[in-house]
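Participant: Submitted below is the structure of interest, expressed as structure tokens.
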Amino acid sequence: MKKFAFTALCLLLGGLSTVCNAQEEKKFTVWYGANLSSVSLDGGSADSEFKPLNIGLDYTSAISGAFDWTAGVSYVTKGAKDWSPGFVQIDANAAWNFVKSDNVKLGILTGPYADIMIAKDDAEEVKTFSMGWQAGVKASYKDFSLKVGYELGLSDVFKDGKSKANGVYFRLGYSF
């Protein structure tokens, strides 16, 4: 729990410092997404499975010209075939927007995430806190966005042995 509190505090402070120093428009985005999720285990990986229940809220603010910062909170399902645990996830991404106009923005993003398992889906001996790293691309047209990326688990989800949650995700969003 101490790790979660420290991570959440760092993400919050980073987001607040960006908000205070932002020079451009700030936006909230509500999104729906899904992922193709798996768990890497000792000696192999569990079968991947499509997880369609992922919803969240992001806040994006400019850092400077082509760079911005996004902090968000979401409910995401991860896991593997026949196992769909639910997590509350906090993520923070920095993005470089290499295409930026009044209506269109295209960029690459990366950053950490931390999550707390709130629905174990009948699994025993699981850790309720995990961390990882995200990387992907984001395209926006006016108030609509599409984010596609990869989440690499950096901490184990099961108490015994190596077990990192990984997955490819996509998110469709609307900004206001």
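The values are calculated or read from the model by the stated rules, or taken from the named source; none is laboratory data. For clarity, every value in this text was computed on a predicted model and none was experimentally measured. Reconstructed Cβ throughout: ideal geometry from the backbone, glycine too, with neighbour counts over all protein chains shown. Keep in mind that these areas ignore ligands, DNA and RNA; they rest on the heavy atoms of the full protein, side chains included. Shrake-Rupley method; radii C 1.70, N 1.55, O 1.52, S 1.80 Å.
Participant: Among 99, 88, which is the only one that is without any contact (Cβ under 8 Å) to a residue 12 or more places away in the chain, part of a strand (DSSP E or B) and among the β-branched types (Val, Ile, Thr)? Step through it out loud before you land on a result.
Facilitator: Numbers: 88 fails: without any contact (Cβ under 8 Å) to a residue 12 or more places away in the chain.
Criteria check complete, one pass: 99.
Participant: Still on this model: Here's a check for you: in the range 39-70, which residue that is assigned to a strand (DSSP E or B) and polar (S, T, N, Q) is surrounded by the most Cβ atoms within 10 Å (Cβ to Cβ)? Steps first, answer last, please.
Facilitator: We begin by selecting, within the range 39-70, every residue assigned to a strand (DSSP E or B); these are 39-41, 44-45, 49-64, 67-70.
Keeping just the survivors that are polar (S, T, N, Q) gives 40, 45, 54, 60-61, 64, 70.
Working: 40: 18, 45: 13, 54: 22, 60: 26, 61: 20, 64: 10, 70: 21.
Checked the range 39-70; the qualifying residue surrounded by the most Cβ atoms within 10 Å (Cβ to Cβ) is 60.
Participant: What number goes with the only condition from (1) over 14 Å from the mean Cα position of the chain (by Cα); (2) modelled with pLDDT under 90 that residue 8 does not pass?
Facilitator: The one condition residue 8 does not meet is (1).
Participant: Take the range 147-176 and flag every residue that is open to solvent by 70 Å² or more (accessible area, probe 1.4 Å), in contact with a Phe, Trp or Tyr (Cβ under 7 Å, 6 or more places away or on another chain) and closer than 21 Å to residue 57 by Cβ.
Facilitator: Here is the first cut: in the range 147-176, the ones open to solvent by 70 Å² or more (accessible area, probe 1.4 Å) are 150, 152, 154, 159-160, 162, 168, 170, 172, 174, 176.
Going one step further and asking which of them are in contact with a Phe, Trp or Tyr (Cβ under 7 Å, 6 or more places away or on another chain), we end up with 152, 154, 168, 172, 174, 176.
Residues satisfying the conditions are 172, 174, 176.
Participant: Could you please let me know if residue 172 is out of contact with any Leu (no Cβ under 8 Å at 6 or more places or on another chain) and assigned to a strand (DSSP E or B)?
Facilitator: Values: out of contact with any Leu (no Cβ under 8 Å at 6 or more places or on another chain): no; assigned to a strand (DSSP E or B): yes.
Spelling it out, it is not the case that residue 172 is out of contact with any Leu (no Cβ under 8 Å at 6 or more places or on another chain) and assigned to a strand (DSSP E or B).
Participant: Would you mind telling me which numbered condition in (1) more than 16 Å from the chain's Cα centre (by Cα); (2) without any contact (Cβ under 8 Å) to a residue 60 or more places away in the chain; (3) part of a strand (DSSP E or B) residue 73 fails?
Facilitator: (1)
Participant: Take the conditions in a strand (DSSP E or B), farther than 15 Å from residue 166 by Cα, in contact (Cβ under 8 Å) with a residue 40 or more places away in the chain and hydrophobic (A, V, I, L, M, F, W, C) and apply them to residue 123. Does it pass?
Facilitator: Details: in a strand (DSSP E or B): no; farther than 15 Å from residue 166 by Cα: yes; in contact (Cβ under 8 Å) with a residue 40 or more places away in the chain: yes; hydrophobic (A, V, I, L, M, F, W, C): yes.
Taking the combined requirement at face value, the residue does not satisfy it.
Participant: If you don't mind, there's one more thing I want to ask. Out of the range 71-83, which residues are closer than 18 Å to residue 153 by Cβ and open to solvent by 50 Å² or more (accessible area, probe 1.4 Å)?
Facilitator: 75, 81
Participant: Do you know which residues across the range 104-131 are acidic (Asp, Glu) and open to solvent by 40 Å² or more (accessible area, probe 1.4 Å)? Reasoning before the result, please.
Facilitator: In the first step, residues of the range 104-131 are kept if they are acidic (Asp, Glu); the result is 115, 121-122, 124-125.
Within the range 104-131, 121, 122, 124, 125 meet the criteria.
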